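Chemist: Starting off with a structure, shown below.
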Amino acid sequence: MSEVLPRAARAFVAFVALLRRNGFAVAPEQTISFLSAIDLLGPRGVEDVRQAGLATLAPPPERRATYDALFRIHFLGEEAPPRIEGEDEETLRLQEEGPGFDEPPLADEANESGQSAVRTELTVERRFAPGGTHDALRRLTREAPRRLPRRRGHRRQRARRGPWADLRRTLRDSARNDGEVLRLLRLRRRRRLRKLLVLIDVSGSMKDRTDENLKLAHALAQVAPQLEAFTFGTRLTRVTRPVKLKRREQALAAAAHLVSDWDGGTRIGDALQAFLDVPRFAGYARGAAVLIISDGLERGDFTAMRDAVARFSRRAWRLSWLTPLATSRAFTPQTEALVAIRRYVDDMVGAGSTQAIVALVLSLNDRRAA
C-alpha cells in the first residue's frame, strides 16, 4: 500500500496501523475520513492532526490516554511508557515502518482449541476450501424473496384497496366514459425489503463456524440488496463488497484477503462500540434486522458489550443474537455477558448449524408479527 500512497500520507496511514496493533478497532472508511479531515484542515500543527484523529478514528473514552500516548510516540518521537494508567492488562505494542506484520504468539499463548475467548490480537491469513452448496443455503435462496422481512416504502403503487385515491388514473379513466367517474381507483405504499445487517464473530472461539457463516453471508447478499456485512474479532472489518460478488469462491477469497484477524482474540464490546461510533455504520442498523453471530464469550469486563447491545436494540427493527452455545429451544444464558444482554435482544437462538440460522432468518417477519 505504501508504494501507491503519496509520501505525505504514509505517516498518517502508519499511525492508523499502529492503533490497530494496539487493539483499536478502526475501519478502512475511518482511515479515509482521517486523511480527508487532514486535507480539509490543512493542519497548522500536530494538535490539529490529533484532533482530526479523535473526530474520525473515534477512540473509546476509556482508551483516550492510550491514543494520546501512541500519538506522541508516533508523531513526536517520545519513548513508550512502561504502562499507561487506567489501561487493562494488554501491553502497549509499537509498529515500525514497513509491512507491519505481528509477531507470532508464544506457544503457551496460542489458542489451538478455539474453545476459549482471548483478547490478544493475532493477524493471520485464512483460506476457504471450495465446497458444494448447502441444502439450507439453497432453501434460503429459494424462499428468501418472499419471506424476508419487508417495510412500507415511500413510493405508492396501484391497488384495489388503499388509503389514497389515484386521481390521475381516475380522471384518465373517466375521459373514456364521457367524463363520468365509474370507480375511484386507489393507491397504497409499496412494500420493500428491509435492511439486513450481519455481524460475524471470526475469533478463535468461533473458528469452527467461520467458513459456514461467511458462506451464509454471501447467500444472503445475493437475495437481499440492502445487506451490510461486517466481521469482528480484535478488529472491525466491513466485508459487504466481497460477499456481494456473484461467485462464492471469489467472494470468500476477497474476504479472506481483506480480514486480518481470523481465529485470533475477541473484543466483542469494543468492536460493537466502534461500529456504533461511526455515524455511517450506525445508520446501517437503523430500522434493520440485525443478526449478530457470536458465542458472546467476552473476556473481562462485559460492560462495553452490554452498552453496545443496548444501543443496537434502540436502533434496530429486530435484534437477534445467534450463539452456538444455544443447543436447544430451552436455552438459558449462563455466562455473565449473555445474561447481561439477554433483555436487550429479541432472539437468542442457536447458531450451531446453517439450518438453524436459515430458519431464523426466514422466520423474522413472523416473529415480529407475533
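The values are calculated or read from the model by the stated rules, or taken from the named source; none is laboratory data. Model, not experiment: these values are computed from the prediction. Please note: Cβ atoms are built from the backbone with ideal geometry, for glycine as well, and neighbour counts cover all protein chains shown.
Chemist: Is it the case that some residue within the range 318-328 is part of a loop (DSSP other than H, G, I, E, B), within 21 Å of THR237 (Cβ to Cβ), touching a helix residue (DSSP H, G or I) at 6+ places or on another chain (Cβ under 9 Å) and small (Gly, Ala, Ser)?
Modeler: No.
Chemist: Which ones in the range 293-329 are over 17 Å from ASN365 (Cα atoms), touching a Ser or Thr at 6+ places or on another chain (Cβ under 7 Å) and aliphatic (A, V, I, L, M)?
Modeler: Selection gives LEU297 alone.
Chemist: So which residues in the range 275-317 are surrounded by fewer than 16 Cβ atoms within 10 Å (Cβ to Cβ) and either touching a residue at least 12 places away in the same chain (Cβ under 8 Å) or not in a helix (DSSP H, G or I) (or both), if there are any at all?
Modeler: Correct list: ARG280, ALA282, ARG286, GLY287, GLY300, ASP301, THR303, ALA310.
Chemist: Could you please find all residues in the range 58-78 being among the hydrophobic types (A, V, I, L, M, F, W, C) and surrounded by fewer than 19 Cβ atoms within 10 Å (Cβ to Cβ)?
Modeler: As a first pass, look at the range 58-78 and keep what is among the hydrophobic types (A, V, I, L, M, F, W, C): 58, 65, 69-71, 73, 75-76.
Those that are among the hydrophobic types (A, V, I, L, M, F, W, C) and surrounded by fewer than 19 Cβ atoms within 10 Å (Cβ to Cβ): ALA65, ALA69, ILE73, PHE75, LEU76.
Chemist: How many residues are among the basic types (Lys, Arg) and surrounded by 12 or more Cβ atoms within 10 Å (Cβ to Cβ) when one looks only at the range 33-57? I'd like the intermediate steps shown before the answer.
Modeler: Quick first cut of the range 33-57, residues among the basic types (Lys, Arg) only: 44, 50.
Within this subset, residues satisfying the condition of being surrounded by 12 or more Cβ atoms within 10 Å (Cβ to Cβ) are 50.
Residues flagged as among the basic types (Lys, Arg) and surrounded by 12 or more Cβ atoms within 10 Å (Cβ to Cβ) within the range 33-57 amount to 1.
Each row is one residue, and each column tells you yes or no for (1) more than 22 Å from ALA316 (Cα to Cα); (2) in contact (Cβ under 8 Å) with a residue 40 or more places away in the chain; (3) of a type in the set (S, T, N, Q).
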residue	(1), (2), (3)
GLU143	yes, yes, no
ARG152	no, yes, no
ARG160	yes, no, no
ALA175	yes, no, no
VAL181	yes, no, no
ARG186	yes, no, no
LEU197	no, yes, no
THR210	yes, yes, yes
ASN213	no, yes, yes
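Chemist: Right, another one. Just for the range 154-197: of the residues that are within 30 Å of ALA217 (Cβ to Cβ) and at pLDDT 80 or above, which one is farthest from the chain's Cα centre (by Cα)?
Modeler: Filtering first and then ranking leaves ARG192.
Chemist: Just to be sure I understand the filter: pairs with C-beta atoms under 6 Å, separated by 6 or more residues or on different chains, first member in the range 246-273 and outside the structural domain of ASP211 (by TED's automatic domain parsing) and in contact (Cβ under 8 Å) with a residue 60 or more places away in the chain, second member assigned to a helix (DSSP H, G or I) and surrounded by 23 or more Cβ atoms within 10 Å (Cβ to Cβ). Which pairs pass?
Modeler: Close Cβ pairs satisfying both conditions: none exist.
Chemist: Among the numbered criteria (1) surrounded by 15 or more Cβ atoms within 10 Å (Cβ to Cβ); (2) assigned to a strand (DSSP E or B), which one does GLY162 miss?
Modeler: Condition (2) is where GLY162 drops out.
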